[in-house]
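Here's the structure, in structure tokens; my notes come after.
Since every read-out is calculated from the coordinates, none of them should be taken as a lab result. Note that the coordinates shown come from a computational prediction; the quantities given were computed from them, not determined experimentally. Neighbour counts run over all protein chains shown; Cβ positions are idealised from the backbone, glycine included.
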Amino acid sequence: MKLNYTFLFVIPLALILIMDQMFIELAAPDNPDAQGALLNITVKVMAGISLVYCSLFFQRMSSYMRLAFFLLVLYVAALVFESKYVYGSFMIYPHVFVKVLQFAYAFFVYAYYKSNYHVKTKHVTWFILGGFLLNVLLVNPQTLSLSAFTNHERGVYSTSVYMLVVPFLYFLSNYFYKSKFLSLFLAFFVLFLIFFFQHRTVWISTAFVLVVYYLLIQFKTDKPINIMAKLLPIGTIVGILGVVASGFILSIHPEIVDKVQESFSDIENFESQGTGGWRYQQWMSYLPFIENNFLTGMRFEGFELPIQFYRDDIDAPVFEDGNGHHFHSFYVEIFFYTGLIGFGLYLLIALYPILKAFRMRVLTINQILLVAFISSGFVFGVSYVLPVFFYGVLGWAIAAIEMERVEYPTFIRQSGLRMKARRTVAQKALQSA
């Protein structure tokens with residue numbers, strides 16, 4: 001029996017994925033201090049490895065990605081110089097450096113797959129889903145109850161639930177293009193998990209992903225599908241079963257309806273209700289500092305700035321001073337620490353696969369899946385700092401955009417070559433005439 005070793009090519013991406021909290025908890029369950037220490041060490045070590053690896057294999061990159069990586073290294077060098085000149089230390093506050101060094105994860109994954117593009121989406125999918133289920137069953141089993149749902153005890157971090165969007169899109173694509181009914185049920189199962197853990201930002205991001213995914217399928221493939229026709233037969237059956245089951249459950253636990261209504265109300269009134277109101281107050285607390293340092297950010301001075309976000313009930317800072325500022329928005333964080341320059345460095349890599357995809361006539365299904373997911377980062381980043389794993393998927397998406405090409409059947413390729421030859425002969429005849 002011949003073994004297929006292609007699953008090993010998931011390792012470079014997995015090195016970035018495992019820095020998510022759900023994998024960190026599996027490594028050190030019930031020990032928050034050990035989890036924090038492990039995460040801090042892993043983030044810094046992988047940042048160093050990423051910079052060294054990309055420097056060694058710089059020639060693998062496309063000219064655009066070389067420029068983007070050079071600008072990132074130049075910015076990090078400027079931070080090192082400022083740290084040494086002002087504070088007498090090459091890296092006075094690692095917390096500040098990490099805000100841009102995490103971009104290097106995308107270059108690391110991209111540079112590896114640019115030369116070794118053998119990664120399979122199904123392997124990434126099962127790695128994510130397997131890690132999530134292990135975390136829920138072994139570390140957070142208390143979250144699997146109706147009382148946890150109604151009491152909003154989510155247990156699982158928003159970033160971990162956000163990662164489930166990748167398996168969701170993979171299973172959905174498998175059903176649409178390979179007619180695998182099991183994949184449809186798996187897609188519904190993953191979608192249920194996304195709903196059950198009640199991270200409203202992930203709900204909105206998933207809805208945004210589906211819109212982008214639908215548009216790309218309709219306009220960027222040679223085989224656009226009728227999604228309604230695909231989903232209607234099975235969707236009707238699942239819908240009927242869902243209504244019957246939910247009717248039975250809701251008759252026993254009517255508080256579930258109230259909880260769902262409350263969640264959607266919090267989304268509609270984000271400035272005053274739920275965690276949205278909390279975030280809005282934090283944004284307003286730091287807005288003056290962002291406006292006054294819009295171009296370059298506050299960098300190390302930002303780390304030293306006392307916490308500006310106060311609790312109204314006890315008139316005290318929400319976080320402790322001396323540990324940096326912990327924002328609930330990627331945009332607030334990046335502009336506070338690095339300003340427009342740092343945000344520009346992010347856009348150089350985040351927009352690249354999206355804009356390149358829109359310029360391409362035809363995309364593969366995997367490219368569509370990855371571009372749709374990466375696009376949702378602009379939505380997720382409003383309420384949360386972008387997770388570390390996002391940069392790994394971003395690097396994979398860039399490699400996919402540059403490496404993957406639509407495979408046509410042999411007879412179509414041969415017909416295309418014959419047509420091209422005929423056009424060439426006709427053009428030469430016209431020129432000679």
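Could you tell me the largest-minus-smallest coordinate of the C-alpha atoms of the range 27-163 on each of the three principal axes, in descending order and whole angstroms?
54, 42, 23
What are the ³J(HN,Hα) couplings of the range 282-299, residue after residue, when phi is run through the Karplus curve with 6.51, -1.76, 1.60 and θ = phi - 60°? Round to Hz, x for glycine and proline.
5, 4, 5, 5, 9, 4, x, 6, 5, 5, 6, 10, 5, 6, 10, x, 8, 6
Once the mean 1/r over all distinct Cα pairs of the range 110-222 is inverted, what Kirkwood radius in angstroms do you read off?
Answer for the range 110-222: a Kirkwood hydrodynamic radius of 15.4 Å.
Roughly speaking, what is the centre-to-centre gap between the range 159-200 and the range 339-405 when only Cα atoms are used, to the nearest Å?
When both Cα centres are located, 20 Å separates them.
Between residue 31 and residue 55, what's the calculated FRET efficiency when r is the beta-carbon distance and R0 is 45 Å? Round to 0.05.
0.80
Take peptides 187-195, 136-144, 376-384 and line them up by average Cβ neighbours within 10 Å, highest first, as a rough protection proxy.
Packing order, densest peptide first, comes out as 376-384, 187-195, 136-144.
Please report Rg over Rh for the range 40-104, where both radii come from the alpha carbon positions and Rh follows the Kirkwood definition.
Here the Rg-to-Rh quotient is 1.00.
Could you check the simple spin-label distance between residue 320 and residue 225, using points 7 Å along Cα→Cβ, in nm with one decimal?
Output for this residue pair reads 5.1 nm.
At a Förster distance of 30 Å, what's the computed FRET efficiency of residue 7 paired with residue 304, Cβ-Cβ distance as r, to 0.05? Provide the component values of the computation, followed by the final result.
Working: r = 46 Å, r/R0 = 1.55.
Working from the Cβ atoms, E equals 0.05.
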